[in-house]
1. Among the residues of region B:71-78, is any more than 14 Å from the chain's Cα centre (by Cα) and crowded, with 21+ Cβ neighbours inside 10 Å?
2. In region B:95-110, how many are more than 10 Å from every other protein chain (Cβ to nearest Cβ) and either over 30 Å from A:Asp56 (Cβ atoms) or surrounded by fewer than 20 Cβ atoms within 10 Å (Cβ to Cβ) (or both)?
3. Please count how many residues of region B:1-19 are in contact (Cβ under 8 Å) with a residue 24 or more places away in the chain and within 17 Å of B:Ser102 (Cβ to Cβ).
4. Any chance region B:53-63 includes a residue that's away from chain A (no Cβ under 14 Å), at pLDDT 90 or above and crowded, with 16+ Cβ neighbours inside 10 Å?
5. Scan region B:68-83 and tell me whether some residue there is touching a residue at least 60 places away in the same chain (Cβ under 8 Å), away from chain A (no Cβ under 13 Å) and closer than 26 Å to A:Tyr33 by Cα.
6. Counting just the residues of region B:20-36 that are closer than 12 Å to B:Cys89 by Cβ and within 9 Å of chain A (Cβ to nearest Cβ), which one comes out modelled with the highest pLDDT?
7. Could you check region A:2-80 for strands (runs of 3 or more DSSP E) lying wholly inside it with 2 or more residues that are β-branched (Val, Ile, Thr)?
Amino acid sequence: NAGVTQTPKFRILKIGQSMTLQCAQDMNHNYMYWYRQDPGMGLKLIYYSVGAGITDKGEVPNGYNVSRSTTEDFPLRLELAAPSQTSVYFCASSFRVHGGYGYTFGSGTRLTVV
Amino acid sequence: TQLLEQSPQFLSIQEGENLTVYCNSSSVFSSLQWYRQEPGEGPVLLVTVVTGGEVKKLKRLTFQFGDARKDSSLHITAAQPGDTGLYLCAGANNFNKFYFGSGTKLNVKP
């Protein structure tokens, strides 16, 4: 019962470097999401996907890209890392919960850009 | 600008006390959820409410959705140290996307 798996758990990047945050779910959920959580703040939606091949921007998409080639995987790409992208990143997938959609979250990736 | 405002931001109480945290917005939501998050982990869903005025109970936790579906409250009776964590509300104005509040950090002292 893996649920939502995120890798890596921690990463330190230098300014201008690129990386991909991996997210995989084994629950056959159509909907997947990327959020970032800054200290003392709630979660901000970066990108989301309603199914393979379909992605859309959330509240804070600048500096990020996503792809969804399979139902299971939803990687998040940072092309030119900036200090403002230091944050904890959470991937989530959703299932139907009595007329709404409840999220299952991964355990997060803590990213520091120096 | 936060779509959802949570209050209080921080709450430190003794074991056995009762408490209420609030989630308010000027927007109407089709559904609202409450999550609990522990340090180093992702949020875990506690409840979803979808009907204005709806009340749901989960052991010592009582959740209420406002009549106008703009606000919600979470009441904990006889708090225990295991209730310590960050409580987040999240509202959806369509079924696929939720917006999160900034959270209430609860500390229950033994």
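The values are calculated or read from the model by the stated rules, or taken from the named source; none is laboratory data. This structure is a prediction, so every number in the text was calculated from the model and none was measured. Quick reminder, even Gly has a Cβ in these numbers, built from the backbone with ideal geometry, and neighbours come from all protein chains shown.
1. no
2. 5
3. First pass over region B:1-19, keeping only residues in contact (Cβ under 8 Å) with a residue 24 or more places away in the chain: B:2-19.
Adding the requirement that they be within 17 Å of B:Ser102 (Cβ to Cβ) leaves B:2-11.
Qualifying residue count, region B:1-19: 10.
4. yes
5. No, region B:68-83 contains no residue that is touching a residue at least 60 places away in the same chain (Cβ under 8 Å), away from chain A (no Cβ under 13 Å) and closer than 26 Å to A:Tyr33 by Cα.
6. At the first step, the residues of region B:20-36 found to be closer than 12 Å to B:Cys89 by Cβ are B:21-25, B:29, B:31-36.
If we keep only those that are within 9 Å of chain A (Cβ to nearest Cβ) too, we end up with B:31-33, B:35.
On the way: B:Ser31: 87, B:Leu32: 91, B:Gln33: 92, B:Tyr35: 95.
This residue is B:Tyr35.
7. A:4-7, A:43-51, A:54-57
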